[in-house]
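Report on one structure; see the data block that follows.
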Amino acid sequence: MKSWEKALRYKWQSRSSHVFLLYLNVADDVLNGRGGCIEQLNEHLVSGTVAGKARFIAFFNRGTGIKFLNHKMEKDFFEFLVMLHPEKNQMTGEYVVLEQFRRNRFNPAYALQLFGEMLEITYASRKTGNGEAVKSCPEEQDELKIPFFAAILDYIETLAPSDSATNQEIDRNALVTFLVWAKNKKISEAGNIVILVGESLGLIAPQLRSETNGIAPLKLYFPDLAAREKTIAFHVKSYPPHKESIDTKQLAYLSAGMSRNAIGNMIKEAGLRKAPLAAETVFRMKKKFIEEQSGGLLEIMQPLWGVEAIGGLKVHKEYIFEVVQAIKRGDFLAVPMGILLLGAPGTGKTAFAEAIAHEAGLPFVKLKNIREMWVGKSERNLDFALELIAAQAPVVVFVDEIDQEYQSRSTMIDNTGVNNRMQARLFQFMSDTNLRGRVLWLAASNMPNLLDPALLREGRFDERIPFFPPSSEERGEILPAILEKMKIQAALQKFPFNWSIDGSFFQEFGWFSHRHYDSSRGLIECDPDVHERGTEESDEVGLTGAQIETIVRKAYTLASNEGAVLGAEHLRRAFQDFIPGQDFLRYGTMTELALSYCNSERFIPEGKWKKLAKQLRKHNSQPQSTRIV
């Protein structure tokens, strides 16, 4: 039995709650463990919970109005209504109560009024043997084990949205009605039950989310590995897998984060086409599902390379292997909660994040912009995104340019409180120690001074690692790493990619791939006749890995247009043609900020960076200059 089912049963049996709010994965199918079948949620509420034992089970949403489990139950309900209200319309001869029902069954106010009346009704004493119901509780109430009336209200966010308390009258009335039901002792003593169903807590009136108001919120999680295995086992009975399909255990593992419904549809489609279900197909379907369910907030990726695509950064690569080995051996205490990557653009932060996921063999998820123009939608997306992340664990989550999204809350204008609520929700999730080693947060920032201080504390980002403009030697190492990366990309497209470059040219490229800064002329090219090779001048500005990759791609285009293999001469010509962007002048400030916020000495190279770090600590100030370092 699922945890939410147990909680519902125990709370109802103990009379601690009789109003329940089911949320999150409510659109998914449910596996009935006793019946061994797949059901929709409303079907399962009838077959697998105490609500299904009620004499009358009524459903309501704005689209279908008041409905009952079947035609016979509706007919019996009408007879019961007539027994309670036998008045007839003198003109039509019809029962007034039935005329009101037919006229108002789609009216929310009427539905709530009717349900409220029915929820206070209980069975008559069993000693009478008549099975009828009255409006008073019998002496034998404690003996009753089943409810008389169960009300199931779908899409509760359309009846009591998040701003109900200050919104139009119909929303305020609905909100108050639900709160009154939750506190109503007659409903509790009658043993009746109310189940509210909504997708996201962020879309529902906050008063309905609190158990102190008598309403018990119950989260329906996305299926875990065991649940996915059972779901797959159920569907392959009717749709046997193709002999070349991946095995069911691998399918269960790869489908982490998907709903039962999505997994079932994937198996059915493959079965009908009699096509093999390959790992690539599962990833494509999973990517589509998760990105749609998160409202585009999550992007699922498969990093194609590890540390081989990183040039230089020796200490950083050693650290990658330390984290990866801790994850693989299950030593979660040795895995950081999160790693904040600091430094100027193009210095290897994204490549570092992708390499960790690739080397560990974990899913790689990018968390994108969480704010949308409609209040409530952003909160819904964030709720789903975080649950989908947890469902995929172990997973690596990457947030690029995090300083643009999560700036200090004191600097933001937030009249609705949405930003503060979302950031608080995210920060709470990030610091959940139960997820250590299962959800590894990586984030990149150019300007950590803009971040909310709550993000910078240990327990969210345990490590704050600086990335520096590469040295001449490192630039020589970056070039072959980029070539290998492009070769992998080309192979995926089944397109040949070759180069003919002597190994000695790599270090030569590393030396000449820089500019000099002149206060009157800006960035200028190096004059090799006056700049001795192997030395580094104070005004020297080395190109970043991203800029070198741009040059390599320009060189490849030159070679391709000539029908030639990429060579050293193409790289020289591409370098001469390349003009760095003006923001390049701000990279010095970003590097100083990375040093200022770094919390691990091992990542600061000896030499000028160590010296600069000591100076920054001594003055205890944040740099404001744009001088080149």
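The values are calculated or read from the model by the stated rules, or taken from the named source; none is laboratory data. On a predicted model such as this, the values are computed, not experimentally measured, just so you know. We place every Cβ from the backbone using ideal geometry, glycine too, and count neighbours over all the protein chains shown.
Quick check on my filter: what residues within the stretch 300-312 are within 30 Å of SER200 (Cα to Cα) and either of a type in the set (Val, Ile, Thr) or modelled with pLDDT of 95 or more (or both)? If the condition is that a residue be within 30 Å of SER200 (Cα to Cα) and either of a type in the set (Val, Ile, Thr) or modelled with pLDDT of 95 or more (or both), then ILE300 is the only one that fits.
Among the residues of the stretch 191-215, those identified as closer than 16 Å to TYR10 by Cα and crowded, with 21+ Cβ neighbours inside 10 Å are GLY191, ASN192, ILE193, VAL194, ILE195, ILE215. Where helices (runs of 4 or more DSSP H) sit wholly within the stretch 434-530, those with at least 3 residues that are out of contact with any Gly (no Cβ under 9 Å at 6 or more places or on another chain) and over 27 Å from ARG553 (Cβ atoms) occupy 453-456.
Cβ-Cβ contacts under 7 Å between residues 6 or more apart (or on different chains), taken from a first residue in the stretch 441-457 that is over 20 Å from PRO345 (Cβ atoms) to a second residue that is charged (D, E, K, R), are listed as ASP452/ARG409. Scanning the stretch 142-164 for residues that are at pLDDT below 90, surrounded by 14 or more Cβ atoms within 10 Å (Cβ to Cβ) and part of a helix (DSSP H, G or I) returns no hits. So how many residues does the stretch 592-609 have that are polar (S, T, N, Q), part of a helix (DSSP H, G or I) and within 13 Å of ILE339 (Cα to Cα)? The total comes to 0.
In summary, ARG457 fulfils each of the numbered conditions (1) touching a helix residue (DSSP H, G or I) at 6+ places or on another chain (Cβ under 8 Å); (2) under 28 Å from VAL335 (Cα atoms); (3) surrounded by fewer than 16 Cβ atoms within 10 Å (Cβ to Cβ) with the single exception of condition (1).
The set of residues in the stretch 165-179 that are assigned to a helix (DSSP H, G or I) and without any contact (Cβ under 8 Å) to a residue 12 or more places away in the chain comprises THR166, GLU169, ARG172, VAL176. All conditions but one from (1) among the hydroxyl-bearing types (Ser, Thr, Tyr); (2) in contact (Cβ under 8 Å) with a residue 40 or more places away in the chain; (3) within 27 Å of LEU455 (Cα to Cα) apply to TYR556; the one that does not is (3). Every condition in (1) assigned to a helix (DSSP H, G or I); (2) out of contact with any strand residue (DSSP E or B) (no Cβ under 6 Å at 6 or more places or on another chain) holds for LYS230 except the one numbered (2). Restricting the first member to the stretch 230-258 and to residues that are farther than 22 Å from LYS287 by Cα and modelled with pLDDT of 95 or more, and the second to residues that are surrounded by fewer than 19 Cβ atoms within 10 Å (Cβ to Cβ) and of a type in the set (Val, Ile, Thr), no beta-carbon pair is closer than 7 Å while six or more apart or on different chains.
Restricting VAL365, VAL395, VAL375 to those that are of a type in the set (A, V, I, L, M) and at pLDDT below 85 reduces the list to VAL375.
Listed here are the residues, each with its yes/no results for (1) more than 19 Å from ALA27 (Cβ to Cβ); (2) touching a Gly at 6+ places or on another chain (Cβ under 7 Å).
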| site | (1), (2) |
| --- | --- |
| ILE156 | no, yes |
| ASN167 | yes, no |
| ALA174 | yes, no |
| TRP181 | yes, yes |
| VAL194 | yes, no |
| LEU201 | no, no |
| ALA205 | yes, no |
| ALA216 | yes, no |
| LEU220 | no, no |
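Looking across the stretch 94-115 at every residue that is more than 39 Å from the chain's Cα centre (by Cα) and either outside any helix (DSSP H, G or I) or of a type in the set (Ser, Thr, Tyr) (or both), the one that is surrounded by the most Cβ atoms within 10 Å (Cβ to Cβ) is identified as TYR95. In the set GLU280, GLU299, GLU269, GLU292, only one residue is of a type in the set (Asp, Glu) and touching a strand residue (DSSP E or B) at 6+ places or on another chain (Cβ under 6 Å); that residue is GLU299.
The residue that is surrounded by the most Cβ atoms within 10 Å (Cβ to Cβ), counting only those in the stretch 38-58 that are assigned to a strand (DSSP E or B) and in contact with an Asp or Glu (Cβ under 7 Å, 6 or more places away or on another chain), is ILE38.
State whether one or more residues within the stretch 314-323 are part of a loop (DSSP other than H, G, I, E, B) and in the same structural domain as ASP403 (by TED's automatic domain parsing). No, the stretch 314-323 contains no residue that is part of a loop (DSSP other than H, G, I, E, B) and in the same structural domain as ASP403 (by TED's automatic domain parsing). Within the stretch 85-106, the set of residues being under 13 Å from GLU117 (Cβ atoms) and in contact (Cβ under 8 Å) with a residue 24 or more places away in the chain comprises just one member, PHE101.
Just one residue in the set GLU537, GLU532, GLU474 is charged (D, E, K, R) and in contact with a His (Cβ under 8 Å, 6 or more places away or on another chain); that residue is GLU537. Is it the case that some residue within the stretch 44-59 is under 26 Å from the mean Cα position of the chain (by Cα) and either at pLDDT below 95 or farther than 20 Å from MET118 by Cβ (or both)? No, there is no match, as no residue in the stretch 44-59 is under 26 Å from the mean Cα position of the chain (by Cα) and either at pLDDT below 95 or farther than 20 Å from MET118 by Cβ (or both).
Here's the yes/no breakdown for (1) out of contact with any His (no Cβ under 7 Å at 6 or more places or on another chain); (2) assigned to a loop (DSSP other than H, G, I, E, B); (3) under 13 Å from PRO394 (Cβ atoms):
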position	(1), (2), (3)
LEU341	yes, no, no
ALA344	yes, yes, no
THR347	yes, yes, no
THR350	yes, no, no
ALA353	yes, no, no
ILE356	yes, no, yes
ASN369	yes, yes, no
